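Engineer: Questions regarding the structure given below will be posed in turn.
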Amino acid sequence: MEPNISIKEKYIGKSLDDVIEKIEKEMIMKALEKSGGNISRAASLLKITMLGKEFPI
């Protein structure tokens, strides 16, 4: 993640679908880090049933 970039600078000119995909990926990566790579725990942290092919990392 780019910590010193504003939301506007980070997402301006991108489609909503692209922005949502990027945010989802960032959230999944953070959950995986927090869970020590445990996919089931990461899914639980995100309050989803499982990380699968619909969430490519």
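The values are calculated or read from the model by the stated rules, or taken from the named source; none is laboratory data. Bear in mind the structure is a predicted one, so any value in this text is a computation, not a measurement. No Cβ is skipped: glycine too gets one built from the backbone with ideal geometry, and neighbour counts run over all protein chains shown.
Engineer: Could you please find all residues in the stretch 2-30 being farther than 22 Å from Ser44 by Cβ and among the aliphatic types (A, V, I, L, M)?
Structural biologist: Passing the criteria: Ile5, Ile7, Ile12, Leu16, Val19.
Engineer: Sort out for me the helices (runs of 4 or more DSSP H) sitting completely within the chain that have 3 or more residues that are surrounded by fewer than 12 Cβ atoms within 10 Å (Cβ to Cβ), modelled with pLDDT of 90 or more and out of contact with any strand residue (DSSP E or B) (no Cβ under 9 Å at 6 or more places or on another chain). Walk me through it before giving the result.
Structural biologist: Details: elements: 7-11, 16-34, 39-45.
Correct list: 16-34.
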